[in-house]
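Reading through the structure tokens given below for one structure.
What follows draws every value from the coordinates through simple rules; no lab data is involved. Everything numeric here is computed off the predicted structure, so don't read it as measured data. Here the Cβ positions follow ideal geometry from the backbone for every residue, glycine too, while neighbour counts run over all protein chains shown.
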Amino acid sequence: MVLVVGVFVLRMFKRWLAEKLLPKSTMEKGMQEDSIVTLLGYVGGVLVAVLTLAALHVDLKSITWIVSALSVGIGFGLQAIVQNFISGLILLVERPVKVGDWVSLSSDVEGDIRRINVRATEIQMWSRSTVIVPNSQLITQNVRNVTEADASGSMQIKLPMPLDTDASKVRQLVLGILHAHHGTLAAPAPYVQLEDVATGAMTFNCVAYVASPREVSGVKSELLFEILERLRQERSR
């Protein structure tokens, strides 16, 4: 009865927090749902377990033996699970990354964080597939948070051209295309630089900024189509 009532009260308490109390606060939504509610749920779960053991009149010595047995099991086979659990708590408390962030891991995983669970974090990639990443990787590995400091994204195009090309004219044409596209930002302003002059060719570095890193690939593709079309028209004149 203590277990059933405790679980029921804990669920009602978490629902009240998520739907009634926390939405009225000034905390961001990710902090409310993924940190406060989850952590209090863990604390409440431990409290229910302790009350249940107390109601069963479990002897303290028995609990000590159980803990010792679990310690042996953890030492042989549950290190990774415990490590990921502790890492999940660190993620919820310190919040180096949070739900909605665009992150890039050293293991070629890049996408939006959709959910931070007890053991693992769900990252949705550009292909709409979901990668389950153990929480320990987000703590122990190098993680690039693309949207932490600045939500905008940068787009870069390397444009090789023959040496006999009018560099000033190409710069003016490409810069006009970058400014005119609806997906690029006016500030920071786009720019075109002559990056290198090698044997038989020169390379332009074209950079523009978009509202979100998620838009980079789409805007870049549209700009490439337009730049190639305009260059083809200029050559045919």
Listed with the fewest Cβ neighbours within 10 Å leading, H181, H57 appear as H57, H181
Subtracting the Cα-Cα distance of E234 and L175 from 0.36 nm times their residue separation yields 19.7 nm
Fewest to most Cβ atoms within 10 Å: V4, V48, V192 sort as V4, V48, V192
Karplus-derived 3J(HN,Hα) from phi for segment 206-222 (6.51 cos²θ - 1.76 cosθ + 1.60, θ = phi - 60°), whole Hz, x at Gly and Pro, runs 10, 10, 9, 10, 10, 5, 8, x, 5, 9, 4, 5, x, 5, 4, 4, 4
Using alpha carbon positions and the Kirkwood radius, the Rg to Rh ratio of segment 95-145 is 0.90
In this structure, the FRET efficiency calculated for S154 and K14 from their beta-carbon separation, with R0 = 35 Å, to the nearest 0.05, is 0.30
Given a Förster distance of 45 Å, the FRET efficiency implied by the Cβ-Cβ spacing of A189 and Q141, rounded to the nearest 0.05, works out to 0.80
The extension gain from V58 to R95, computed as 0.36 nm times the residue separation minus the Cα-Cα distance, is 9.6 nm
